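*Asks:* One structure is given below, represented as structure tokens, and several questions about it will come after.
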Amino acid sequence: MSIARAGSINAAAELIGMTQPALSRSLRRLEASLGAALFQRHAGGMTLTSFGHAVKRHGERVEFETSRLIEEIRMLNGAASGFVRVGLVPSAVNTLLEPTLAAVNRIAPEIQVQVIEGAGDTMLSAVASGQVDFAIIGDIAIDFAPDVVVTPIGDEEVCVAARTLHPIFSKDHLALEDLTTYRWVLPEKGNAIWFGFDNLFRRNGLEPPTPVVATNSVHTLKTIVCGEDYLTMMTRVIFEQEEKNGLVCPIPLPVTHWRRELMLARRNRAYSLPAEKLFLAELIRQAQKTDVSL
């Protein structure tokens, strides 16, 4: 694991406090026992082979489960607070994460929470590798890992939008085809929004326009849309405040409004730590309170 992260035996040895010869011997013994080369050696360092990637995936899970074991033992000894790792798409921050954090803080203020934000495919990988305990993602058309369970937790409105001064709002008899003539800024690929964008045009017999800008930053996306004549597609709750302030408007074309399903992704494990159980139960309760069907 350390060699894969550092990119060379010398850097890894320094990172973990071993000598270079000792680490090299350990790697040779491991490769010999597995009967496969885990790294390709080259002038720039070392890169994983396909066998190495398989070992790395299992190693990450072992690291994660070891940290969970240490955490559980410390909790049983009364020496630590709980720790929860949550992954989510940006739109879930206001609607689900914030009220859940507030409720959990009232019940168990000692619980610590690590939040990782990103596109749906990235969050699924984080769940599968054990980087997060569970994640809230948009429904995306990719294969799930065999040990990841995905269940619906609700839905939310997605629409095409632009700043209120965009020339598209002065156009008479607006049609979907007109949207292909403007510049677009979108979330990065792998996000459920991107799939919705692609399907919007293709199911209506149109070639999707090529976005001028793609970003994984909601702040960057909103800044661009508010300042220039770009079209975008995003969850409506993301620009709720900008819409209230008259800065951004949804496009008045019914076909450009749709609802995407929000999903809860988690690994299929026999047990969960108390902090994780509490946080997840409160998250589901908040979803029910906001009229999100489970």
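The values are calculated or read from the model by the stated rules, or taken from the named source; none is laboratory data. Quick caveat: nothing in here was measured; it's all calculated off a predicted structure. All Cβ positions, glycine included, derive from the backbone under ideal geometry; neighbour counts span all protein chains shown.
*Asks:* Considering only residues of region 173-207 that are touching a residue at least 24 places away in the same chain (Cβ under 8 Å) and among the acidic types (Asp, Glu), which is nearest to residue 119 (Cα to Cα)?
*Replies:* Among those residues, the one meeting the criterion is 188.
*Asks:* Conditions first: (1) in contact (Cβ under 8 Å) with a residue 12 or more places away in the chain; (2) of a type in the set (Lys, Arg); (3) closer than 21 Å to residue 115 by Cα. Residue 260 passes all but one, so which condition is the exception?
*Replies:* Just one mismatch for residue 260, condition (3).
*Asks:* Sticking with this one: Return yes when residue 260 is modelled with pLDDT under 90 and surrounded by fewer than 17 Cβ atoms within 10 Å (Cβ to Cβ) and no when it is not.
*Replies:* It is false that residue 260 is modelled with pLDDT under 90 and surrounded by fewer than 17 Cβ atoms within 10 Å (Cβ to Cβ).
*Asks:* Among the residues of region 98-114, which ones are outside any strand (DSSP E or B) and either touching a His at 6+ places or on another chain (Cβ under 7 Å) or touching a residue at least 60 places away in the same chain (Cβ under 8 Å) (or both)?
*Replies:* The answer is 99, 100, 103, 104, 107, 108, 111.
*Asks:* Related question: Identify the residue in region 21-53 that is in contact with a strand residue (DSSP E or B) (Cβ under 8 Å, 6 or more places away or on another chain) and within 14 Å of residue 10 (Cβ to Cβ) and, among all such residues, is modelled with the lowest pLDDT.
*Replies:* Here the answer is 27.
*Asks:* Right, next: Taking region 115-137, which residues are more than 20 Å from residue 278 (Cα to Cα) and in a helix (DSSP H, G or I)?
*Replies:* 120, 121, 122, 123, 124, 125, 126, 128, 129
*Asks:* Then there is this: Do you know which residues across region 77-128 are farther than 23 Å from residue 289 by Cβ, surrounded by 15 or more Cβ atoms within 10 Å (Cβ to Cβ) and out of contact with any strand residue (DSSP E or B) (no Cβ under 9 Å at 6 or more places or on another chain)?
*Replies:* 80, 125
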